[in-house]
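J.: This is the structure I want to talk about, given as structure tokens.
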Amino acid sequence: MTATESTSTSGNPITDRLFQHGKLSIGLTLPLLETGQIVADFRAQVTLAKKADALGYRALWVRDVPLNSVDYPDPVGHLDPWVLLGALASQTEHIALVSGAIVLTLRYPLHIAKGAVSVSTLSRERFILGLGSGDRPAEYAAFGRDSAQRRDLFRSHWETVAAAVGAQSHIIPDRIPSDAPEFFLLPRSPAAIPLLAVGSGGQSVDWIARNSVGWMTYHREPEAQRGRYSLWRAAVDRLSPGAFRAFGVAMRLDLSADPDEPPKEISLGYRTGRRGLVDLLGKMRDSGTHHVALNLPSSERPPREVIEELAAEVLPEFHSP
């Protein structure tokens with residue numbers, strides 16, 4: 001990071017609260033499951049979301065998993081993200097709501113824009129639209145898409161969504177017959193809805209830096225992640241030297257009941273006690289990470305117990321009152 005790097009992401013209050021230069025914020029990925037659960041009790045999930053909001057977590061992340069299959073490593077029965085985001089918008093007050101991520105290539109872009117405007121309105125502008133490309137060729141085929149076109153679909157759909165949810169909202173139609181009226185989205189959003197790239201979507205880092213408020217990526221071992229951040233900073237500086245663009249990480253956390261248990265790598269994250277977690281997160285902040293979305297795998301510890309311990313012992317190390 002450069003000494004002249006600005007502290008603001010976009011001028012959007014919810015984005016600027018989530019992503020700040022030199023600081024790290026912590027969010028949670030839903031659903032939060034107990035051992036053996038596959039299909040969550042979503043009434044219980046909304047209750048946990050309200051608890052996370054009250055405890056000071058900065059974001060709730062909602063995934064988009066259209067279809068399940070026996071060969072897909074995630075057996076969880078996810079709700080449609082727009083349904084769950086609508087419930088969260090009506091039941092929380094302060095926490096950012098982030099799609100992590102809407103599968104941009106498999107959904108019609110104007111439907112995505114309508115969903116984004118709706119959630120932003122319901123949540124009083126607490127929504128950040130995270131967009132990804134998906135990576136299962138068989139799922140592309142089920143939707144009548146060619147996975148080989150993933151990169152081009154991502155770019156063209158991003159352009160349509162960005163136009164529709166931008167500060168000067170306008171619709172880019174697929175076709176314009178001679179008698180077509182000029183369409184627009186209602187309700188109108190008072191400000192642009194932030195677009196966040198989750199994964200690369202087959203795009204270059206320079207493209208992401210030009211088009212997104214930030215880049216959300218996946219857990220890697222520390223040296224590899226520092227290299228990833230260096231690529232990101234170089235791309236941002238080529239675009240606008242010293243400008244701020246957020247960098248975030250999705251990380252699995254199996255929190256031990258022993259606060260002194262040392263960190264041990266697991267798939268896409270760590271098992272550790274809370275003291276080791278504070279050290280890990282501090283190093284991530286110092287190496288350029290601005291937000292961590294914690295994915296709590298099912299364990300013997302009830303999710304409520306885990307999020308309460310994190311709120312009491314870990315969040316105060318990173319979140320200003």
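The values are calculated or read from the model by the stated rules, or taken from the named source; none is laboratory data. Predicted model, so just to flag it, every value in this text is computed and none were measured. Methodologically, a virtual Cβ is constructed for each residue, glycine included, from the backbone with ideal geometry; neighbour enumeration extends over all protein chains shown.
J.: Which one of these is among the basic types (Lys, Arg) and farther than 29 Å from Gln20 by Cα: Arg150, Arg228? Step through it out loud before you land on a result.
T.: On the way: Arg228 fails: farther than 29 Å from Gln20 by Cα.
It is Arg150.
J.: Being closer than 21 Å to Phe19 by Cβ and not in a helix (DSSP H, G or I) is the requirement here; does Leu88 meet it? Reasoning before the result, please.
T.: Numbers: closer than 21 Å to Phe19 by Cβ: yes; not in a helix (DSSP H, G or I): no.
So Leu88 does not fit the description; no.
J.: Could you check Glu261 against (1) assigned to a helix (DSSP H, G or I); (2) over 27 Å from Lys50 (Cα atoms) and say which number it fails?
T.: (1)
J.: Could you please tell me which pairs satisfy a Cβ distance under 7 Å, a separation of 6+ or placement on different chains, a first residue in region 162-184 that is touching a residue at least 12 places away in the same chain (Cβ under 8 Å) and closer than 16 Å to Ser120 by Cβ, and a second residue that is in a helix (DSSP H, G or I) and hydrophobic (A, V, I, L, M, F, W, C)?
T.: If the second residue must be in a helix (DSSP H, G or I) and hydrophobic (A, V, I, L, M, F, W, C), the pairs left are Ala164/Leu110; Ala164/Ala113; Val165/Ala113; Val165/Ala116; Val165/Val117.
J.: Also, I was wondering about something else. Could you say whether any residue in region 193-211 is at pLDDT below 95 and either assigned to a loop (DSSP other than H, G, I, E, B) or touching a Pro at 6+ places or on another chain (Cβ under 7 Å) (or both)?
T.: Within region 193-211, the first condition is being at pLDDT below 95, and the residues that meet it are none.
Among the residues of region 193-211, not one is at pLDDT below 95 and either assigned to a loop (DSSP other than H, G, I, E, B) or touching a Pro at 6+ places or on another chain (Cβ under 7 Å) (or both), which makes the answer no.
J.: A follow-up question, please. Hey, any hits in region 103-116 for a residue that's assigned to a loop (DSSP other than H, G, I, E, B) and farther than 25 Å from Pro187 by Cβ?
T.: Checking region 103-116: at least one residue is assigned to a loop (DSSP other than H, G, I, E, B) and farther than 25 Å from Pro187 by Cβ.
J.: Here's something else I'd like to know. Can you find, within region 107-148, the residue that is surrounded by the fewest Cβ atoms within 10 Å (Cβ to Cβ) among those that are among the aliphatic types (A, V, I, L, M) and within 18 Å of the chain's Cα centre (by Cα)? So that I can check it myself, show each step before the final result.
T.: First, pick out the residues of region 107-148 that are among the aliphatic types (A, V, I, L, M): 110, 112-113, 116-117, 119, 122, 128-129, 131, 138, 141-142, 148.
When the remaining residues are screened for being within 18 Å of the chain's Cα centre (by Cα), the result is 112-113, 116-117, 119, 128-129, 131.
Numbers: Ile112: 24, Ala113: 25, Ala116: 26, Val117: 21, Val119: 25, Ile128: 28, Leu129: 26, Leu131: 30.
Among those residues, the one meeting the criterion is Val117.
J.: Any chance region 181-195 includes a residue that's closer than 17 Å to Phe19 by Cβ and of a type in the set (Gly, Ala, Ser)?
T.: Step one: of region 181-195, the residues closer than 17 Å to Phe19 by Cβ are 191-195.
Of the ones still in play, those that are also of a type in the set (Gly, Ala, Ser) are 191-192.
For region 181-195, residues closer than 17 Å to Phe19 by Cβ and of a type in the set (Gly, Ala, Ser): present.
J.: Here's another thing I want to ask about it. Go through the residues of region 185-203 one by one and say whether even a single one is exposed (fewer than 14 other Cβ atoms within 10 Å of the Cβ) and farther than 22 Å from Thr121 by Cα. Please lay out each step first, then the result.
T.: Quick first cut of region 185-203, residues exposed (fewer than 14 other Cβ atoms within 10 Å of the Cβ) only: 186-188, 190.
Add one more test, that the residue is farther than 22 Å from Thr121 by Cα, and what stays is none.
Checked against the condition, which is being exposed (fewer than 14 other Cβ atoms within 10 Å of the Cβ) and farther than 22 Å from Thr121 by Cα, region 185-203 yields no hits at all.
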